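Q: Below you will find the structure I want to go over with you.
The values are calculated or read from the model by the stated rules, or taken from the named source; none is laboratory data. Remember, it's a predicted structure, so these values are computed and weren't measured experimentally. Glycine gets a Cβ as well: all are built from the backbone with ideal geometry, and neighbour counts include every protein chain shown. Note: accessible area is taken over every heavy atom of the protein model, side chains too, but ligands, DNA and RNA are not part of it. Shrake-Rupley method; radii C 1.70, N 1.55, O 1.52, S 1.80 Å.
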Amino acid sequence: AAPVQVQLVVPMAVVFARGSVPGDLPRPLPFRDVQEMEISVNLRASVTSRYEMRYRSTTAQEEAALAAATAPEADAALYPLQDTTLGSLTMYVVPETSSLLPQGIHVYVGKHRSALVRAVGSLAALQARLREVTQVMSFTASSIAAALSHRVPDGQLGPDARRNLKSSLGYEITFSLLNPDPKSHTVDWDIEGAVNRFVRPVLDKLSLVANFSVDSQILYYAVLGVTPRYDKESSSFLLSAHSLPHVINPVEARLGSSAASLYPVLNFLLYVPEHSHSPLYIQDKDGAPVSTNAFHSPRWGGIMVYNVEAPASPQASLPLHVDVDMARVMEVFLAQLRLLFGLSREEVPPEFLLESPGNEGVADWELDHLLWAHTVENIATVSTTLTSLAQLLDKIGNIVIKDDVASEVYRAVASVQSAMTELSLGHLLAAFQASKEAVTSSERAFFDPSLLHLLYFPDDQKFAIYIPLFLPMAVPILLSLAKIVRESRLRKKEPTKMD
């Protein structure tokens, strides 16, 4: 595939509060500075990140906002005063002695696109700290490498890179309740209410990234593919970590086909174990119980085991009525959803404090994080698709390319160029939208019906099909031709004899 050269530009404001300006600034505030870093992915993709930094002092309004008692209050007060363009960052440098940040915390990342950073003595030390913050809030070398994963040799990627969902124009989310033992349990779950309350706000926030559809189902007599092991000590049943991969296949056969779907399907399964296998606990690799009693499978979804309390009296009548605690379940499923989208917060330095995104489930900067990665992935995908199409068409000599296919290819190329230009200008949203249009056009061209039958009909195949048909007809034709030739020769010879 053609080499991809992308420049990611992050517009960044560094705002010094009173008493936080380092002593060794090269020139008086305000001034601009640019920092560039090469993200080495591999030979076929070069990505440059460029932070365009504007250093300035706080305004009176910003000073007033920073006088708040706590960091979340300051973050809320600063939000209306800052640049909220997608992909941009605002860093407020507060004095070293500031009480806004708790003891031992150097950086507070808000739920929008700004952070509070504790001042350090020199500009170089401050820039090193700011670099750490930008790695958390915009993109890291690993998130960009994961976005280009199909161009990177497997050995160079961390385990998380393969977990994240690939960029797509849409995703389908299916919530399934598995009740393998309806004779013992009647299970009620308010999935509609739970989706509206917990899932909708998250998907509304992510609607910029892709279209989402949500559906739900209840499956009876659907069992896990592994028989759990009985543990005498805890008088419970256990599923060990190494048996978890075998749990999914038999269940997946019952889930309904994802083959009919245009988009990737995410499955979230709530499993109420049968009466004879209750309670059921999942163990991790070290044999300790998993606190959430759930596990996830990369790019597929997650399963949570929901144990039902045994009845107080043994002669309680079956089936038991079970009301699922949807808040507890959705907390686990949303955490898995974030993991699958690559929004986990595990790799944050210990001196960072990250504000929880609240009801929306995704902070503004996390949305940007997704858009950066998906834009780069879309550009790489289009470049691969168009290169494959060009190579394919080169191999087929007698192909006729229709005007509408050609115009889709031109549109895809123009959209990719536009996406790369917008990235280099620091316009993340416009770049992402152009990259989505490029993907749509390149796929329309690649899967155009007028090309498909030619792809499956190369020249050697034509010979293989036509020779068996024409050979039987050709034999009598060739024999009669030979006879005609022979007779005409005889006719030519006969008149000479008469002489």
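Q: Tell me, which residue of segment 345-366 that is touching a helix residue (DSSP H, G or I) at 6+ places or on another chain (Cβ under 6 Å) and outside any loop (DSSP other than H, G, I, E, B) is nearest to residue 136 (Cα to Cα)?
A: 365
Q: For segment 58-85, which residues satisfy the criterion of being small (Gly, Ala, Ser), open to solvent by 60 Å² or more (accessible area, probe 1.4 Å) and either under 16 Å from residue 21 (Cα atoms) or assigned to a helix (DSSP H, G or I) (or both)?
A: The first filter runs over segment 58-85 and keeps only residues small (Gly, Ala, Ser), leaving 60, 64-65, 67-69, 71, 74, 76-77.
Retained after the next criterion (residues that are open to solvent by 60 Å² or more (accessible area, probe 1.4 Å)): 60, 64, 67, 69, 76.
Once the filter is applied, which keeps residues that are small (Gly, Ala, Ser), open to solvent by 60 Å² or more (accessible area, probe 1.4 Å) and either under 16 Å from residue 21 (Cα atoms) or assigned to a helix (DSSP H, G or I) (or both), segment 58-85 yields 60, 64, 76.
Q: Return the only residue of 409, 439, 376, 362 being more than 19 Å from the chain's Cα centre (by Cα) and surrounded by 19 or more Cβ atoms within 10 Å (Cβ to Cβ). Outline the logic, then answer.
A: Details: 439 fails: more than 19 Å from the chain's Cα centre (by Cα); 376 fails: more than 19 Å from the chain's Cα centre (by Cα); 362 fails: more than 19 Å from the chain's Cα centre (by Cα).
Step by step, each of 409, 439, 376, 362 is checked, and only 409 is more than 19 Å from the chain's Cα centre (by Cα) and surrounded by 19 or more Cβ atoms within 10 Å (Cβ to Cβ).
Q: Another question, if that's okay. Does residue 38 qualify as being over 18 Å from residue 20 (Cα atoms), open to solvent by 30 Å² or more (accessible area, probe 1.4 Å), assigned to a strand (DSSP E or B) and not β-branched (Val, Ile, Thr)? If you could, list the steps in order and put the result at the bottom.
A: Values: over 18 Å from residue 20 (Cα atoms): yes; open to solvent by 30 Å² or more (accessible area, probe 1.4 Å): yes; assigned to a strand (DSSP E or B): yes; not β-branched (Val, Ile, Thr): yes.
Answer is yes for this residue.
Q: Check off (1) surrounded by 15 or more Cβ atoms within 10 Å (Cβ to Cβ); (2) within 28 Å of residue 318 (Cα to Cα) for residue 199 and give me the number that stays unchecked.
A: Condition not satisfied by residue 199: (2).
Q: Here's another thing I want to ask about it. Is there any pair linking a residue in segment 99-127 that is closer than 10 Å to residue 22 by Cβ to one that is among the charged types (D, E, K, R), with Cβ under 6 Å and at least six apart or on different chains, and which?
A: Cβ pairs passing all conditions: 119/96; 122/24; 123/24.
Q: Just name the residue that is modelled with the highest pLDDT out of those in segment 380-432 that are outside any helix (DSSP H, G or I) and over 15 Å from residue 444 (Cα atoms). Walk me through how you get there before you give the answer.
A: As a first pass, look at segment 380-432 and keep what is outside any helix (DSSP H, G or I): 396-402, 426-427.
From what's left, over 15 Å from residue 444 (Cα atoms): 396-400, 426-427.
Details: 396: 73, 397: 66, 398: 68, 399: 72, 400: 75, 426: 91, 427: 94.
Among those that are outside any helix (DSSP H, G or I) and over 15 Å from residue 444 (Cα atoms), it is 427.
Q: Can you tell me which residues in segment 417-436 are open to solvent by less than 40 Å² (accessible area, probe 1.4 Å) and under 16 Å from residue 168 (Cα atoms)?
A: Result: 431, 432, 434, 435.
Q: Take the residues of segment 21-35 that are assigned to a strand (DSSP E or B) and over 14 Å from residue 134 (Cβ atoms): which is nearest to the chain's Cα centre (by Cα)?
A: Pass one, segment 21-35, residues assigned to a strand (DSSP E or B): 31-35.
Going one step further and asking which of them are over 14 Å from residue 134 (Cβ atoms), we end up with 31-32.
Working: 31: 37, 32: 34 Å.
Here the residue is 32.
Q: Restricting attention to segment 327-339, does a residue exist that is modelled with pLDDT of 90 or more, open to solvent by less than 40 Å² (accessible area, probe 1.4 Å), in a loop (DSSP other than H, G, I, E, B) and not polar (S, T, N, Q)?
A: no
Q: Right, another one. Tell me yes or no: at least one residue of segment 101-118 is β-branched (Val, Ile, Thr) and farther than 20 Å from residue 358 by Cβ. Show your work before the answer.
A: Within segment 101-118, the subset β-branched (Val, Ile, Thr) is 105, 107, 109, 117.
Among the residues that remain, those that are also farther than 20 Å from residue 358 by Cβ are: 117.
Yes - at least one qualifying residue is present in segment 101-118.
Q: May I pose another question? Considering only segment 223-293, give the strands (runs of 3 or more DSSP E) lying wholly within it that have at least 1 residues that are under 22 Å from residue 333 (Cβ atoms) and over 27 Å from the mean Cα position of the chain (by Cα). I'd like the intermediate steps shown before the answer.
A: Details: elements: 229-231, 236-239, 265-271, 280-282.
Strands (runs of 3 or more DSSP E) meeting the threshold: 236-239, 280-282.
Q: Can I ask one more? Suppose we filter 128, 115 for residues that are aliphatic (A, V, I, L, M) and touching a helix residue (DSSP H, G or I) at 6+ places or on another chain (Cβ under 9 Å); which single one remains? I'd like the intermediate steps shown before the answer.
A: Details: 128 fails: touching a helix residue (DSSP H, G or I) at 6+ places or on another chain (Cβ under 9 Å).
Of 128, 115, the one residue that is aliphatic (A, V, I, L, M) and touching a helix residue (DSSP H, G or I) at 6+ places or on another chain (Cβ under 9 Å) is 115.
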